[in-house]
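Below is one structure; the comments refer to it alone.
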Amino acid sequence: MKAMIFAAGRGERMRPLTDECPKPLLKVRGRPLIVHHVLNLVRAGIPDIVINHSFLGHMIEQALGDGSQYGARIRYSHEPAPLETAGGIANALHLLGDEPFVAVSGDIYAPYFDFSQCKDALKDEDAVGQPYPKDKRDIAWLYLTPNPWHNPEGDFGLTMYTLSNEGTPKWNFANIGVYRPEMFDGIQPGEFVKLGPLMRKYVKQGRVGGEVYDGQWVNVGTVRQLEELNAPVASTAPKARP
């Protein structure tokens, strides 16, 4: 399995910090956000990593290099202008290969997430070894969290490991998912495409599975959140508001 880390966002809400530093390189507990992911992926036995970048992307390449300092093998997908999540994936498919891959946003902090569980998230066979029809098998597997303050209504319902667009309760998408490459068929390299509408199409078809992750997880979106995480006694659920 390979991994992709999204690092092409501008980080507008983190300005002025992100005027001179890409958001994924901002440090939490003495280590850049993106490095937490790299180390966790390597620890899980997923050392082949693709990182997309745009604004100040050269700084990410300078900081991480080829990944060997972390035991990783890193390749980069440069976007002259950010292509959004689905567009960024489509633009990097030639680096990700033909098998399911795990993808994670470079600006979340989830230091205890175990990426090894992602290796078996999407299976081609049922419990007795019978192959799923290609058009029926899960095309994505998402990890969800309890709803944070910035998304109190949540994103998806969850029943027996199958996601739904409707229903209650709803859970927050943790920006960690496993995807089959064919999910992005029809998107051309360099095309700007958001993940949300594409995901909801497959959720409606019953082809997206998922589960709840209840460990520490923070979408680092404000300077105050970053400060709280770096405080001497960091909160596991920052209460900062924009």
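Would you please put 32-40, 111-119, 218-226 in order of how densely packed they are, using the mean number of other Cβ atoms within 10 angstrom per residue and starting with the highest?
Peptide ranking by packing, descending: 32-40, 218-226, 111-119.
Can you flag which of K27/K201; K27/K194; K27/K204 are past 30 Å Cα-Cα? Working shown, then result.
On the way: K27/K201 36 Å; K27/K194 27 Å; K27/K204 38 Å.
Going by Cα-Cα distance, K27/K201; K27/K204 fall outside the 30 Å limit.
Rounded to two decimals, what is the ratio between the C-alpha radius of gyration of the range 1-102 and 2.2 N^0.38 Å?
Numbers: Rg = 13.0 Å, N = 102, 2.2 N^0.38 = 12.8 Å.
For the range 1-102, the normalised Cα radius of gyration comes out at 1.02.
Centre-to-centre, using Cα atoms only, the range 150-196 and the range 64-109 are separated by 18 Å. How big is the antiparallel share of DSSP beta bridges in the range 22-115, given as a percent to the nearest 5? Around 25 percent of the beta bridges assigned by DSSP in the range 22-115 are antiparallel ones.
Excluding A44 itself, calculate the net charge of residues whose Cβ lies under 15 Å from the Cβ of A44, where each Lys or Arg counts +1 and each Asp or Glu counts -1. Write down the numbers at each step before the final one.
On the way: positive: K2, R43, R73, K119; negative: D48, D114, D120.
Every neighbour counted, the sum reads +1.
Against the empirical 2.2 N^0.38 Å (N residues), the chain has a Cα radius of gyration ratio of 0.98.
Count Lys and Arg as plus one, Asp and Glu as minus one, and take only other residues whose Cβ is under 13 Å from that of L33; the net charge is then +3. Helical runs assigned H by DSSP (4 residues or longer) give the chain a calculated mean residue ellipticity at 222 nm of -6000 deg cm²/dmol, each run adding -39500 (n - 2.57) before division by the residue total. When the chain is treated as a GNM with alpha-carbon contacts under 10 Å, the residue of M59, M160, M199 showing the greatest mean-square fluctuation is M160. Scalar couplings 3J(HN,Hα) for the range 50-64, obtained by applying the Karplus form with A = 6.51, B = -1.76, C = 1.60 to θ = phi - 60°, are 10, 10, 8, 8, 9, 4, 6, x, 4, 5, 5, 5, 5, 6, 9 Hz; x denotes Gly and Pro. Cβ crowding within 10 Å ranks Y179, Y76, Y161 as Y161, Y76, Y179, fewest other Cβ atoms first. Note on the chain: antiparallel DSSP beta bridges, both residues inside, total approximately 50 percent of the bridges counted. Of V28, A44, A8, which is farthest towards the positive pole of the range 1-47's charge dipole, taken about the Cα centre with +1 and -1 on the beta-carbons of Lys, Arg and Asp, Glu respectively? Positive-end residue among those listed: A44. For D214 and T162, a Förster radius of 22 Å and the Cβ-Cβ distance give a FRET efficiency of 0.70, rounded to the nearest 0.05.
No value in this document is a laboratory result; all are computed from the given coordinates. Being a predicted model, the structure only gives us computed values, none of them experimental. Note that we place each Cβ from the backbone using ideal geometry, even for glycine, and neighbour counts take in every protein chain shown.
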